[in-house]
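Report on one structure; see the data block that follows.
The values are calculated or read from the model by the stated rules, or taken from the named source; none is laboratory data. Treat the numbers as computed from the prediction; the structure is a model and nothing was measured. Cβ atoms come from the backbone with ideal geometry, glycine included; neighbour counts cover every protein chain shown. With ligands, DNA and RNA removed, areas are computed over all heavy atoms of the protein, side chains included. Shrake-Rupley method; radii C 1.70, N 1.55, O 1.52, S 1.80 Å.
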Number of protein chains: 2
Amino acid sequence: MSDLKVGLAGLGTVGAAVIRMLERRAGDLAARTGRNLKVVAVAARDRTRDRGIDLSGMRWYEDPVALARDPDIDVFVELMGGADDPAKAAVLAALDLGRPVVTANKALLAKWGVMLAERAEATGAGLHFEAAVAGGIPIVKTLRESLAGNVVERVSGILNGTCNYILTRMADEKLAFDTCLAEAQRLGYAEADPTFDIDGFDTAHKLAILTSLAFGTRVDADAIYVEGIRQLTLEDIEAADDLGYKVKLLGVALRTETGIEQRVHPTMVPKHWPIAQVSGVTNAVALDADAVDLTLVGPGAGGDATASAVVGDLADVARGVKGFVFGLPVATLMKAERAPMQRHEGGYYIRLSVVNKPGTAATIARRMADEGISLESIVQRRPGGLQGEAPQGTARVILITYATTEEAVRRAIAAIEADGVVSSLPQVIRIEKD
Amino acid sequence: MSDLKVGLAGLGTVGAAVIRMLERRAGDLAARTGRNLKVVAVAARDRTRDRGIDLSGMRWYEDPVALARDPDIDVFVELMGGADDPAKAAVLAALDLGRPVVTANKALLAKWGVMLAERAEATGAGLHFEAAVAGGIPIVKTLRESLAGNVVERVSGILNGTCNYILTRMADEKLAFDTCLAEAQRLGYAEADPTFDIDGFDTAHKLAILTSLAFGTRVDADAIYVEGIRQLTLEDIEAADDLGYKVKLLGVALRTETGIEQRVHPTMVPKHWPIAQVSGVTNAVALDADAVDLTLVGPGAGGDATASAVVGDLADVARGVKGFVFGLPVATLMKAERAPMQRHEGGYYIRLSVVNKPGTAATIARRMADEGISLESIVQRRPGGLQGEAPQGTARVILITYATTEEAVRRAIAAIEADGVVSSLPQVIRIEKD
């Protein structure tokens, strides 16, 4: 039985978990793939750090590019992270030598996916990245291989565990956003600077990759409309609950008549949807295709879960599995026509703080009607009835619209603001339906 | 670009859907796989039936074995069904020629899986069967490929849409079992003779295959304890609901100290589990492994969903993907040590119809204590309080036990029956927990 000699760059939590998993499962993996998966060389910054793994017998590199070029490795595993060098240079070095690459690096693929796929195709090297999206959930393989016979219509996912943890705690324990964020930071689920997670950029990176796989388009993270969860209040989450919805930060890619709509924003999801039930740091992806609708739920991060995806990819490499990086040859990937957000169609939740005087609701309803927006419900509440209390002399008006366009909603809100009946910034949450 | 010439036996709903999907997606599949997937020959009993597909240009066989041996096909697709000949003979004929086979036939694999895998290995032919378990859900690929680095601890699935449809309607609309079964038959979800579905045999076939993939054991459907849903009453479903559970027909395979426990029975599942929320004919599989816990939800049957899985397998064949039939070489598959059901450990729901006289609850509680069974709750209700009314002069006692053994429960119930306090057959439902 021949060896599959692995060179692994990045010895953080995931890197160490991959090395441990390969050791623990060596016999089984050899039986499954017909090859011995062996880490023969590693690259990291600090050689002396105790990682709880035995690195003796592995060649040591400080430069990951040098590791990627080591003539005595069969596959390069990139677990350093970062959208640019050194990760990018190292991955390119391996691909240019025709050497398969396994990576967990979503930022790299979101930014450089098309270029990397071109280089991989040019040399025939495989580029595997199951771990880059939704951690331990096999969503890349499902889209790239299992759904080959399908036309995908929509992908929607809870792709960031930090955000889902915060939203779950807010809903379950009736806590404010700031409290839950602090708790997430204390538990290590959120960074000291949480921007990347809670403002939706991490979700957008993953969505960009899923969109390419699902719709056969060129990865284009810049085409994504991104809105995070910072503005969400407990009041909105409770109001959504009363109306039969959960609020989730979703990444959604949708086939429309004007192109592929890609968006990341807080979303009201019907409670009976499988992804509505997904709580805590767990991730989920729902795929609506012409032949099947699937939902996959599982861990989106963590050393073992991510290692599971990396090792699954390594087993594919060992078995000689090949395929196009995004499922299709790069030349056939379409430019992702960016469906403008103004044309987004759907239902809306709109919460307004209004001056508490007669006729306010009528004014609001008329502005909606002027834009052709039909209302499913309009509820005016006096202060004190809800957890998020309105200031003295004001009231809340909560509207649920039937399907309309983003443009109409924005115009109607602008008109209402111009009417002078609104006392603070309106809250708008999009509703996702079947 | 070369053709992948497909010979397809069985032109029912699924067969026709596969042919339509291959035509509809021809260009995309060719781009993905580098080959033209073309059905060149078919076998079915009746040539004249209108299936809404164009069979001209395809060779016609009445004998599927002859089709499987057609020298001018590259892959044989078996969609006839049935555990024995002609499906078995046709699949063997193809495998013996080293020709890859794609099948949706769970009964065949549950009965002959090991033998077929041996023959496939002997000639190097691939045997693909994503469609055989849970229809459009990519559970075979997930277990066989994605989770290669994991040790699986438990597989639990809603694998029969008919049963889940009946249980969902009972729970949602407070209807009796017979009413829901008749409705399922009217809608075509259940056969005129529903035994195969509602008595759990269909679930057992699928579980046998999942067990082999998950635990590296030899497929052994005879090792499965099987109990169907016929005995379930609305009263039980409502009582479960009150206690925070849904009742599902689950197939469960579990690693225990005494071997792999395989069982199919009505199960009380905590409401917050993703599979508890799965309603109607939808299927779901939950995998608990050492590195990841995954739940996959999707369509378990239907022409398009099953075709999706078949076409996914054909795309793998076209890309030259190979692997062992059950993930591992047959020689390394272990004999599934049958963990006897008496040793099953878990919580139990026990509903007793008892003689309505003082001391009955005490008698029951004592018998439980005698067997070392701790009770989480014991509730005695007089007739009329619940939908399923107890006969005059009797009452209901509903017990929930903490984890105990099947043996202890059976002995305790036998002792209670011997005490003469029970007026009809006890109902026992096992509880599944984290």
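Here's the yes/no breakdown for (1) under 16 Å from the mean Cα position of the chain (by Cα); (2) at pLDDT 95 or above:
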| residue | (1), (2) |
| --- | --- |
| A:Met170 | no, yes |
| A:Phe177 | no, yes |
| A:Ile209 | yes, yes |
| A:Ala221 | yes, no |
| A:Val226 | yes, yes |
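All but one of (1) in a helix (DSSP H, G or I); (2) over 17 Å from A:Arg169 (Cβ atoms) hold for A:Val219, so report the exception by its number.
For A:Val219, the failing item is (1).
Quick grid of which residues meet (1) touching a strand residue (DSSP E or B) at 6+ places or on another chain (Cβ under 8 Å); (2) among the charged types (D, E, K, R); (3) crowded, with 24+ Cβ neighbours inside 10 Å:
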{"position": "A:Glu121", "(1), (2), (3)": "no, yes, no"}
{"position": "A:Gly124", "(1), (2), (3)": "no, no, no"}
{"position": "A:Glu145", "(1), (2), (3)": "no, yes, yes"}
{"position": "A:Glu153", "(1), (2), (3)": "yes, yes, no"}
{"position": "A:Thr168", "(1), (2), (3)": "no, no, no"}
{"position": "A:Asp172", "(1), (2), (3)": "no, yes, no"}
{"position": "A:Ala184", "(1), (2), (3)": "no, no, no"}
{"position": "A:Asp197", "(1), (2), (3)": "no, yes, yes"}
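Could you check the range B:304-319 and list, in sequence order, the residues that are more than 7 Å from chain A (Cβ to nearest Cβ) and in contact with a helix residue (DSSP H, G or I) (Cβ under 6 Å, 6 or more places away or on another chain)? Even if it seems obvious, please write down each step before you answer.
Taking the range B:304-319 and keeping what is more than 7 Å from chain A (Cβ to nearest Cβ), we get B:306, B:309-310, B:313-314, B:317-318.
Result: B:Thr306, B:Ala309, B:Val310, B:Asp313, B:Ala318.
Looking at A:Lys111, A:Lys141, can you tell me which residue is over 17 Å from B:Glu145 (Cα atoms) and either more than 12 Å from every other protein chain (Cβ to nearest Cβ) or not in a loop (DSSP other than H, G, I, E, B) (or both)? Reasoning before the result, please.
On the way: A:Lys141 fails: over 17 Å from B:Glu145 (Cα atoms).
Result: A:Lys111 is the single residue among A:Lys111, A:Lys141 that is over 17 Å from B:Glu145 (Cα atoms) and either more than 12 Å from every other protein chain (Cβ to nearest Cβ) or not in a loop (DSSP other than H, G, I, E, B) (or both).
Residue by residue through the range B:186-195, note down the ones that are open to solvent by 50 Å² or more (accessible area, probe 1.4 Å) and among the small types (Gly, Ala, Ser).
Initially, the range B:186-195 is screened for residues open to solvent by 50 Å² or more (accessible area, probe 1.4 Å), giving B:186-189, B:191-193.
B:Gly188, B:Ala192 - these are the residues of the range B:186-195 that are open to solvent by 50 Å² or more (accessible area, probe 1.4 Å) and among the small types (Gly, Ala, Ser).
Please specify each residue of the range B:1-12 satisfying the condition of being more than 20 Å from B:Val91 (Cβ to Cβ) and within 13 Å of chain A (Cβ to nearest Cβ). Full working, then the answer.
Step one: list which residues in the range B:1-12 are more than 20 Å from B:Val91 (Cβ to Cβ), which gives B:1-3.
If the condition is that a residue be more than 20 Å from B:Val91 (Cβ to Cβ) and within 13 Å of chain A (Cβ to nearest Cβ), then B:Met1 is the only one that fits.
If you go through the range B:49-91 one residue at a time, how many are at pLDDT 95 or above, over 16 Å from B:Lys38 (Cβ atoms) and of a type in the set (Asp, Glu)?
5
Yes or no, residue by residue, for (1) hydroxyl-bearing (Ser, Thr, Tyr); (2) away from chain A (no Cβ under 14 Å):
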residue: B:Ala125; (1), (2): no, yes
residue: B:Ile137; (1), (2): no, no
residue: B:Ala148; (1), (2): no, no
residue: B:Ser156; (1), (2): yes, no
residue: B:Met170; (1), (2): no, yes
residue: B:Gly188; (1), (2): no, yes
residue: B:Lys206; (1), (2): no, yes
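For the range A:75-85, how many residues meet the condition of being buried (at least 18 other Cβ atoms within 10 Å of the Cβ) and not hydrophobic (A, V, I, L, M, F, W, C)?
Within the range A:75-85, the subset buried (at least 18 other Cβ atoms within 10 Å of the Cβ) is A:75-80.
Add one more test, that the residue is not hydrophobic (A, V, I, L, M, F, W, C), and what stays is A:78.
Residues that pass the stated criteria total 1.
If a residue must be away from chain A (no Cβ under 14 Å) and surrounded by 19 or more Cβ atoms within 10 Å (Cβ to Cβ), how many such residues does the range B:236-282 contain?
Total meeting the criteria: 23.
Out of (1) more than 20 Å from the chain's Cα centre (by Cα); (2) assigned to a strand (DSSP E or B); (3) closer than 28 Å to B:Gly312 by Cα, the odd one out for A:Gly149 is which?
(2)
If you go through the range B:89-107 one residue at a time, how many are surrounded by fewer than 24 Cβ atoms within 10 Å (Cβ to Cβ) and in a helix (DSSP H, G or I)?
Qualifying residue count, the range B:89-107: 5.
Return the total of residues in the range B:320-347 being touching a strand residue (DSSP E or B) at 6+ places or on another chain (Cβ under 8 Å) and either among the aromatic types (Phe, Trp, Tyr) or not in a loop (DSSP other than H, G, I, E, B) (or both).
8
Considering only residues that are open to solvent by 80 Å² or more (accessible area, probe 1.4 Å) and more than 17 Å from A:Val18 (Cα to Cα), which ones fall in the range A:51-69?
Hits for the range A:51-69 are A:Glu62, A:Arg69.
Could you tell me which of the residues B:Ala291, B:Ala336, B:Ala301 is more than 10 Å from every other protein chain (Cβ to nearest Cβ), open to solvent by 10 Å² or more (accessible area, probe 1.4 Å) and touching a residue at least 12 places away in the same chain (Cβ under 8 Å)? Give the derivation first.
Working: B:Ala291 fails: more than 10 Å from every other protein chain (Cβ to nearest Cβ); B:Ala336 fails: open to solvent by 10 Å² or more (accessible area, probe 1.4 Å).
The unique qualifying residue is B:Ala301.
Does the range A:310-322 contain at least one residue that is over 19 Å from A:Leu213 (Cβ atoms) and open to solvent by 50 Å² or more (accessible area, probe 1.4 Å)?
Step one: of the range A:310-322, the residues over 19 Å from A:Leu213 (Cβ atoms) are A:311, A:314-315, A:318-320.
From what is left, the residues that are open to solvent by 50 Å² or more (accessible area, probe 1.4 Å) are A:319-320.
Yes, the range A:310-322 contains a residue that is over 19 Å from A:Leu213 (Cβ atoms) and open to solvent by 50 Å² or more (accessible area, probe 1.4 Å).
Scan the range B:172-183 residue by residue and report those that are away from every other protein chain (no Cβ under 14 Å), at negative phi and in contact (Cβ under 8 Å) with a residue 24 or more places away in the chain. Show your work before the answer.
Here is the first cut: in the range B:172-183, the ones away from every other protein chain (no Cβ under 14 Å) are B:173-183.
From the residues that got through so far, the ones that are at negative phi too are B:173, B:175-183.
Scanning the range B:172-183 gives B:Leu175, B:Ala176, B:Phe177.
Hey, among B:Ala221, B:Ala204, which residue is in contact with a strand residue (DSSP E or B) (Cβ under 6 Å, 6 or more places away or on another chain), open to solvent by less than 50 Å² (accessible area, probe 1.4 Å) and of a type in the set (A, V, I, L, M, F, W, C)? Explain how you work it out, then say what you get.
Values: B:Ala221 fails: in contact with a strand residue (DSSP E or B) (Cβ under 6 Å, 6 or more places away or on another chain).
That would be B:Ala204, the only listed residue that is in contact with a strand residue (DSSP E or B) (Cβ under 6 Å, 6 or more places away or on another chain), open to solvent by less than 50 Å² (accessible area, probe 1.4 Å) and of a type in the set (A, V, I, L, M, F, W, C).
State whether one or more residues within the range A:357-365 are at negative phi, at pLDDT below 90 and assigned to a loop (DSSP other than H, G, I, E, B).
Yes.
Name the single residue, out of those in the range A:323-333 being facing another protein chain (nearest Cβ under 7 Å) and open to solvent by less than 20 Å² (accessible area, probe 1.4 Å), that is farthest from B:Ala291 (Cα to Cα).
So the residue we want is A:Leu328.
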